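First the structure, in the form of structure tokens, and then the observations on it.
The values are calculated or read from the model by the stated rules, or taken from the named source; none is laboratory data. Please read all numbers here as calculations on a predicted model, not as lab measurements. As a convention, Cβ positions derive from the backbone with ideal geometry for all residues, glycine included, and neighbour counts pool all protein chains shown. For the accessible areas, the whole protein counts, side chains as well, though only heavy atoms, and no ligand, DNA or RNA atoms are used. Shrake-Rupley method; radii C 1.70, N 1.55, O 1.52, S 1.80 Å.
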Amino acid sequence: PTKPMWTSAVNTSKFAYKQLTAATTLTERDSNKTFGLALVGGFTVTLPTLAAGMKFTFIVEVDPTTAYIIASAEGDNVSMVGAAADGNAVVINAAGFANDNVNLVANQAKIGDKVMVESCSLGWFATAIVTAGAGVTISG
């Protein structure tokens, strides 16, 4: 048999999950994983260097008293849209890909709140589903 001419570093596992309890820097190999955010004191997760087609999901497992921050490695290339169960609007970033971070806000984000981040050639596009509109922001 012949070997394939290309290989991919991207994780294609159907059930890829990892609980995080400290600051972490992701790599391409972490693409397609779901990460549980599980430290009351919050922390920062840094996305890998931008490459189109990567996807990450983050779920709040512990209500934070300090924000969980999902940060772009390069900065100034994050856009976001979202929905809140309480009917309040979540930030819709009309400025395009011009921010650095998605923040699951201290004392506002709740267990089960979710942020999905996907890359394209322009930057990171984040979609948030949260219990309360104040539970997620975009900044930078």
Is it the case that Thr7 is surrounded by fewer than 17 Cβ atoms within 10 Å (Cβ to Cβ), in a loop (DSSP other than H, G, I, E, B), of a type in the set (Ser, Thr, Tyr) and modelled with pLDDT under 90?
-> yes
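Residues of region 26-42 being touching a Phe, Trp or Tyr at 6+ places or on another chain (Cβ under 9 Å) and not acidic (Asp, Glu), which ones?
So in region 26-42, the residues touching a Phe, Trp or Tyr at 6+ places or on another chain (Cβ under 9 Å) come out as 26, 30-37, 39, 42.
Residues satisfying the conditions are Leu26, Ser31, Asn32, Lys33, Thr34, Phe35, Gly36, Leu37, Leu39, Gly42.
Could you list, in sequence order, all residues of region 103-123 that are closer than 23 Å to Leu37 by Cβ and at pLDDT below 90?
Applying the first criterion (closer than 23 Å to Leu37 by Cβ) to region 103-123 yields 103-119, 123.
Within region 103-123, just Gly123 meets the criteria.
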So, first residue open to solvent by 90 Å² or more (accessible area, probe 1.4 Å) in region 109-122, second residue among the aliphatic types (A, V, I, L, M) and not in a loop (DSSP other than H, G, I, E, B), Cβ within less than 8 Å, six or more apart or across chains; the pairs are Ile111/Val60
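Filter region 10-22 down to the residues that are in a loop (DSSP other than H, G, I, E, B) and among the aliphatic types (A, V, I, L, M), then identify the one that is modelled with the lowest pLDDT.
As a first pass, look at region 10-22 and keep what is in a loop (DSSP other than H, G, I, E, B): 10-16, 21-22.
From the residues that got through so far, the ones that are among the aliphatic types (A, V, I, L, M) too are 10, 16, 22.
Numbers: Val10: 54, Ala16: 91, Ala22: 98.
Among those residues, the one meeting the criterion is Val10.
Can you tell me which residue in region 60-78 is least open to solvent (accessible area, probe 1.4 Å), limited to those that are more than 12 Å from Asn103 (Cα to Cα) and in contact with a Gly (Cβ under 6 Å, 6 or more places away or on another chain)?
If we filter region 60-78 for residues that are more than 12 Å from Asn103 (Cα to Cα), which is where we start, we get 61-63, 65, 73-77.
Going one step further and asking which of them are in contact with a Gly (Cβ under 6 Å, 6 or more places away or on another chain), we end up with 61, 77.
Working: Glu61: 59, Asn77: 14 Å².
The selected residue is Asn77.
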The listed residue being over 17 Å from Phe35 (Cα atoms), in contact with a strand residue (DSSP E or B) (Cβ under 8 Å, 6 or more places away or on another chain), at pLDDT below 90 and open to solvent by 50 Å² or more (accessible area, probe 1.4 Å), out of Ile138, Ile129, Ile92 = Ile92
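Restricting to region 61-78, count the residues that are more than 11 Å from the chain's Cα centre (by Cα) and either of a type in the set (S, T, N, Q) or at pLDDT 95 or above (or both).
Taking region 61-78 as the starting set, the residues that turn out to be more than 11 Å from the chain's Cα centre (by Cα) are 61-67, 73-77.
Applying the additional criterion that residues be either of a type in the set (S, T, N, Q) or at pLDDT 95 or above (or both) yields 61-67, 77.
Result for region 61-78: 8.
How about region 23-49: which of its residues are outside any strand (DSSP E or B) and open to solvent by less than 50 Å² (accessible area, probe 1.4 Å)? Steps first, answer last, please.
Looking only at region 23-49, we keep the residues that are outside any strand (DSSP E or B), and these are 23, 26-32, 38-43, 47-49.
Residues satisfying the conditions are Leu26, Asp30, Ser31, Ala38, Gly41, Gly42, Phe43, Leu47, Pro48.
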